[in-house]
Structures are given as structure tokens and as C-alpha cells.
Amino acid sequence: MTAPDETGTASGTVRPDARAPGSTDGAATLTVVRAGALTTVQDGGRTGWAHLGVARAGALDEPARLLANRLLGNDPGAAVLETTMTGCAVRADRDMVAVVGGAVCRVTVDGRPAAWGAPVRVPAGAVLDAGPALSGVRGCLAFDGGGLLPEPVLGSRSADLLSGLGPPPLHDGDELPVGRAPERGVPALPVAAPWPGAPAVLVLPVRLGPRDAWFTPGALRTLFTAAYRVSAQSNRIGLRTEGPALARVRDGELPSEGMVLGAVQVPPDGRPVVFLNDHPTTGGYPVVGVVAAPALAAAAQAAPGTPVRFVPA
Amino acid sequence: MARPAPVRVLPAGREALLVELDSAEAAEAFHAEVVRRRARGDLPGVREVVPGARTVLLDGLAGSSDADRGRLARALESWTVEPLHRAEGPRTEIRVVYDGPDLAEVAGMWGVAPQEVAALHSATAFRVAFCGFAPGFGYLTGLPEHLHVPRRATPRTRVPAGAVALAGPYTGVYPRPSPGGWRLVGRMEDPDRLWDPAREPAALLAPGTRVRFVPVEAHG
């Protein structure tokens with residue numbers, strides 16, 4: 001990852017014009033103009049506390065969060081806004097540079113079109129609006145100067161919707177602390193940023209286990225051959241699917257056991273649920289297999305109705 | 001004595017192994033063994049150790065190859081695990097007003113008078129076997145089998161924070177208001193102690209903690 005102090009020379013930077021570097025005292029403030037359907041603060045997540053019942057949280061499209069921060073010269077751990085389908089709009093009390101990435105959308109600054117997926121200048125008091133997703137689901141809004149700075153909980157600024165840790169989902173009018181403008185501006189990266197698009201077909205490589213033995217051989221064939229679709233009931237806890245039910249050879253409850261990110265859990269209705277970042281740390285439904293973490297970014301961008309193929313990994 | 005415990009190590013993706021034991025007691029002993037060995041530095045690369053009712057999940061083996069996990073799985077299967085020392089681990093006391101809405105029902109299932117529930121429950125040496133459901137919610141074992149009670153047929157839509165509850169082999173204390181199907185026998189005097197992210201550990205009832213419930217009278 002690009003460290004903030006690797007960030008180019010003065011001539012290679014995009015610097016907001018109307019301020020002297022280092023003149024801002026403390027954090028600046030970001031005001032939520034339009035919160036959207038579900039917008040949360042997310043960083044790299046809260047790992048290491050699962051034994052206390054704490055979910056990992058963190059951005060669902062982690063590559064998008066990392067890329068957005070990299071484009072701004074932020075630390076890789078910087079917190080961003082994650083939007084859901086409808087985007088959001090914010091206004092800052094300082095000049096800033098922001099990146100809107102993840103789900104593709106129309107971007108405006110005070111109503112004028114601005115670049116998607118690249119650093120844009122947002123003057124103090126101007127409204128940065130990330131419109132509804134044109135493709136994908138989760139938008140990512142990153143801000144220079146180290147991103148959003150709500151109080152960390154257990155080492156992370158992420159909102160955990162399952163347990164309510166971290167900052168609550170945004171409401172119109174909320175104010176969030178955001179870092180002061182970086183003294184050296186934002187690096188102009190020569191790379192054309194490769195934002196992954198929303199998947200036309202969500203392909204999820206699955207390794208069987210730990211509880212594949214709870215399912216019939218026919219169910220395992222079904223998992224790897226049937227046409228599933230992303231359910232509209234999906235959320236940050238899990239990607240729910242619609243499709244044929246997986247039949248079990250064992251009835252009854254599984255004594256609660258630890259759950260991993262990407263676990264394909266099969267509840268009593270038989271439709272696989274792929275656990276995403278806010279998943280419970282322990283659960284009582286059998287996990288037929290596990291999707292490798294890198295494939296989950298695409299799951300975060302798969303809109304309801306997207307075909308899902310589970311393939312053996 | 002020094003025989004490896006009967007364990008099955010199951011795959012859980014590319015970054016985790018799930019160790020399954022024969023009993024709750026064996027799982028608690030195995031978890032204690034993992035914690036001891038990890039503290040000695042014997043399990044580098046294991047980022048999360050998540051105990052369950054009959055299992056211990058070793059997660060966060062990022063960058064491990066199939067061969068690495070295979071070696072670790074064989075090592076886990078060959079471990080000699082010390083029996084669980086119920087006298088070990090941090091200790092905490094929880095003051096409880098035994099006046100829960102299900103107290104009389106539980107007394108009926110136990111075949112005792114309602115006022116005896118507090119004495120029986122508070123005489124038990126509990127231990128946190130694992131956490132889950134919500135941050136700071138511990139599943140406490142130790143209740144003798146004849147005192148196990150089934151969950152309610154219909155869960156309550158709202159259980160208050162601090163409710164002391166029973167279900168199956170477990171006792172738990174709700175760290176915050178939530179729906180719940182366990183049987184409520186009392187309420188913790190100071191439920192704010194259950195979860196404090198500024199404290200280490202954030203959960204009062206972290207796995208391995210020994211717990212005693214102390215009956216107190218209601219104030220006012």
C-alpha cells in the first residue's frame with residue numbers, strides 16, 4: 001500500500017487552492033446532507049474480538065475502500081462512507097479532495113458533474129453528492145486527510161449493524177469528524193484505477209466444510225449446479241440467495257460453533273446464506289462450505305436478482 | 001492420562017480450522033489448552049480463537065497453504081490436553097435480584113419452591129464456555145443436568161438488559177435489551193459492567209471466566 005509519506009512532489013499534487021497547508025486546527029466536520037437508504041462508516045474492521053461475540057464489520061467492498069484511500073494518499077486503514085443503492089450527499093467545512101468509488105454512480109459537486117472513481121475537489125461548504133447506484137450496490141466515499149474520524153471502538157471506527165458497535169448509520173443532518181487537510185496535498189497517481197465492476201454473474205468459489213456431511217450428496221450437487229439468485233433480503237450480515245433448497249441428512253440443531261467470514265450457512269429453509277462482515281461470531285445452522293474472502297467484494301456489489309453460481313474451489 | 005483427546009479437525013475455508021470435541025467439557029478443556037499454548041507463542045498466525053459449545057475455531061490463518069493447515073490439523077489431533085481446571089481463570093461475582101418473570105415456572109420444572117431457585121442457582125460454580133449472540137453475552141456452563149430447562153416455546157420480543165436467563169445447559173445475562181427465548185429468573189444489579197469497550201477485556205463474561213451469582217434484595 002502507498003504510505004502517506006510516499007506521496008510525490010508539490011508539482012505532482014492536487015491541492016485545494018483556498019487554504020494554507022497546516023492552518024486547520026483539529027479535525028474538520030462533515031455534515032450529512034442526504035444520508036441515503038443505509039450509509040455507514042467503515043474501515044478495515046474489528047478483527048481479533050470474535051471470542052467476545054464481536055463481529056468483524058469493515059467495508060464490504062474492501063478493495064474499493066483500499067483503492068479510494070490510495071488515490072487520496074490516505075493510510076490504508078482510513079475510514080470511508082459505505083452507501084447502499086441510493087448513494088448519499090455530504091458537505092464539509094473545509095476544502096477537501098474526495099473519491100467516490102465502489103458502485104458506479106453520478107457524482108456532482110454543488111450540482112455540477114464531477115468524476116467518479118477519481119479524486120475530485122470539493123470546496124468548503126459545497127455539497128458532494130453520490131447518486132443512486134447505476135451498477136453495483138455499495139458506494140464508497142473517501143476523504144483526504146485520513147478520512148472519517150469517529151471515536152474508535154476496540155480499534156476500529158466501523159459500524160457493526162448486528163451488534164450496534166461503532167458509529168450508528170447516518171441520518172440527515174449528522175455531523176462526523178473528518179481529518180484536517182493534508183499538508184502535502186493529494187498525490188496525482190499516474191495509474192488508471194482498476195475499479196472492479198458489478199458482477200453480471202456472481203461466481204463464488206466454495207470449499208466444502210466444516211458441515212458438508214450434514215447434507216445429502218444430492219444437495220452438494222445442487223449447490224454446485226443449480227441457478228441461484230441474490231435475494232433482496234441480503235444485507236451486511238449475509239448475502240441471501242433464492243434457489244433450490246439444500247436437503248440435509250441430519251435433523252436437529254447444531255450446537256453453537258464459531259463462524260468464519262464467507263461461511264455458506266444453510267438455515268432451515270435450505271437456501272444458502274453467505275456470511276458477510278457483520279455476521280454473528282457463533283451460530284447454530286450448519287455451514288456447508290466457505291467462500292474465500294477475496295470473492296466477497298463482488299458479493300458486496302451484486303444487486304438483488306443477480307445470478308449466483310457456487311463453484312468448487 | 002496423557003492420551004490425546006478424541007478430536008476431529010474440520011476444514012473451514014482457507015483461513016480456519018474447526019476443532020470438534022466429544023463433549024462440552026472436552027471443548028472447554030481444549031479451548032483452555034489453546035489459550036495456554038497461544039500465550040506461550042506456540043500458535044503463531046492464529047488471529048482468532050473462538051470457542052463454541054463443542055468446538056474451538058482457529059481463524060485468521062491468513063496466507064496459510066493447504067499444507068500448513070494440514071500440519072496444524074495433525075498437530076491439534078495429537079495434542080495432550082490437560083483436564084479442565086474449574087478452579088482456574090479470572091473470577092467474578094454478579095449480584096442478582098431473583099425476581100424474574102419465569103422464576104415460578106423454573107421452580108416448577110426443578111420441583112422446588114420459588115424462593116429456593118436463588119439458592120440453587122447461586123450455589124453453582126459457573127464458567128463462561130463461549131460468547132456469541134451479542135458482544136459480551138457469555139454462555140455459562142456448570143448447572144447440573146437435572147436443572148437444565150428448555151427454552152420458551154415463544155421468545156419474548158424484548159428482554160431487558162441485565163436479565164439473568166436459563167436455557168438448556170446454559171445460564172446467560174443479556175448485555176442489552178434484545179429479543180430472547182431464554183427463561184428469566186432474575187436481573188443483574190449493575191448490567192453496565194457486562195460490556196465496556198474501554199476495559200480489557202471489554203466483556204465481563206469472557207471465555208474461561210469463573211462466575212458466581214450472589215442473591216441480593218431488591219431496592220425499594
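Residues whose amide H falls under 5 Å from that of A:ASP95, counting only those 5 or more places apart or on a different chain, are A:ALA124, with hydrogens built in the peptide plane. Note on the range A:210-313: Rg/Rh from C-alpha atoms, Kirkwood Rh, equals 0.92. Expressed as a whole percent, the accessible area of the protein assembly as shown that falls on carbon and sulfur atoms is 55 (1.4 Å probe).
With the simple model of a label 7 Å out from the Cα in the direction of the Cβ, B:GLU93 to A:ALA27 spans 4.0 nm.
In the protein assembly as shown, taking the dipole from charged Cβ atoms about the Cα centre, the farthest positive-side position among B:ALA118, B:ALA198, B:PHE133 is held by B:PHE133. The packing ranking, built from the mean of other Cβ atoms within 10 Å per residue, places the peptides A:263-270, B:106-113 in the order A:263-270, B:106-113, highest first. Rounded to the nearest whole Hz, the Karplus-based 3J(HN,Hα) values (6.51 cos²θ - 1.76 cosθ + 1.60, θ = phi - 60°) of the range A:264-277 follow the sequence 9, 8, 10, x, x, 6, x, 8, x, 10, 9, 6, 9, 4, with x at glycine and proline.
Over chain B, what is the percentage of antiparallel beta bridges among all DSSP beta bridges, to the nearest 5? Mind dumping the intermediate values first?
Details: 37 of 43 bridges.
Beta bridges within chain B, antiparallel portion: roughly 85 percent.
Comparing A:MET259, A:PRO280, A:TYR228 along the charge dipole axis of the range A:216-303, the residue lying farthest to the positive side is A:TYR228, per the Cβ-charge model. Residues within the reach of a label modelled at B:ALA161 (point 7 angstrom out along Cα to beta-carbon, backbone nitrogen below 16 Å), restricted to the range A:154-170, are A:163-168.
Expressed as a fraction of 2.2 N^0.38 Å, the value expected for a compact globular protein of N residues, the C-alpha radius of gyration of the range A:20-178 is 0.96. Just to check, using Stokes-Einstein with a Kirkwood Rh over alpha carbon pairs, what's the diffusion coefficient of the protein assembly as shown at 37 °C and 0.692 mPa s in µm²/s? For the chosen part, D equals 132 µm²/s. Averaged per residue, the protein assembly as shown has 41 square angstrom of accessible surface, using a 1.4 angstrom probe with ligands and nucleic acids left out. Note on B:VAL112 and A:ALA124: with the Förster distance fixed at 51 Å, the Cβ-Cβ geometry gives a FRET efficiency of about 0.15.
Near A:ASP174, the amide H atoms lying under 5 Å from its own belong to A:VAL32; only residues 5 or more places off or on other chains count, and H is placed 1.01 Å from N. For chain B, the longest principal axis of the alpha carbon atoms and the long axis of helix B:66-78 meet at an angle near 60°.
In terms of Cα atoms, the Rg and Dmax of the range B:119-220 work out to 13.0, 39 Å.
So how strong a dipole does the range A:223-263 carry about its Cα centre when Lys and Arg Cβ are +1 and Asp and Glu Cβ are -1, to the nearest 20 debye? Don't skip to the answer; put the middle values down first.
Details: 5 positive and 4 negative charges, 35 e Å.
With Lys and Arg at +1 and Asp and Glu at -1, about 160 debye.
Remark: accessible area buried at the A-B interface is about 2600 Å², both chains counted, probe radius 1.4 Å. The DSSP beta bridges internal to the protein assembly as shown are antiparallel in roughly 90% of cases. If a spin label sat at a point 7 angstrom from the Cα of A:ALA227 along the line to its beta carbon, the backbone N atoms of the range A:288-312 nearer than 16 Å would be those of A:305-310.
Over chain A, all Cα pairs binned in 20 Å intervals from 0 give whole-percent P(r) values of 34, 51, 14, 1, listed from short to long. Note on chain A: GNM, Cα springs under 10 Å; of A:GLY243, A:GLY73, A:GLY252, the largest mean-square fluctuation is that of A:GLY252.
3J(HN,Hα) along the range A:106-119, derived from phi through the Karplus expression 6.51 cos²θ - 1.76 cosθ + 1.60 where θ = phi - 60°, amounts to 7, 10, 9, 10, 6, x, 8, x, 9, 6, 9, x, 9, x Hz, with x in place of Gly and Pro. A loss of 10 Å² or more of accessible area (1.4 Å probe, protein heavy atoms, ligands and nucleic acids excluded) relative to the isolated chain is seen in these residues of the range A:28-70: A:THR47, A:GLY48, A:TRP49, A:ALA50, A:HIS51, A:LEU52, A:GLY53, A:VAL54, A:ARG56. Label sites at A:ARG112 and B:VAL216, each approximated as a point 7 angstrom past Cα along Cα to Cβ, lie 6.4 nm apart.
Derived scalar couplings between HN and Hα for the range A:296-302 equal 7, 4, 5, 4, 5, 9, 7 Hz in order, rounded to whole Hz, by the Karplus curve 6.51 cos²θ - 1.76 cosθ + 1.60 (θ = phi - 60°), x for Gly and Pro.
Between B:ARG71 and B:ALA198, full extension at 0.36 nm per residue minus the direct alpha carbon distance yields a gain of 42.0 nm. Here the ratio of the Cα radius of gyration of chain B to 2.2 N^0.38 Å is 1.10.
The values are calculated or read from the model by the stated rules, or taken from the named source; none is laboratory data. Everything quoted here is computed from the prediction, not taken from an experiment. Glycine gets a Cβ as well: all are built from the backbone with ideal geometry, and neighbour counts include every protein chain shown. Side chains are part of the model used for accessible areas, which takes the heavy atoms of the whole protein and leaves out ligands, DNA and RNA. Shrake-Rupley method; radii C 1.70, N 1.55, O 1.52, S 1.80 Å.
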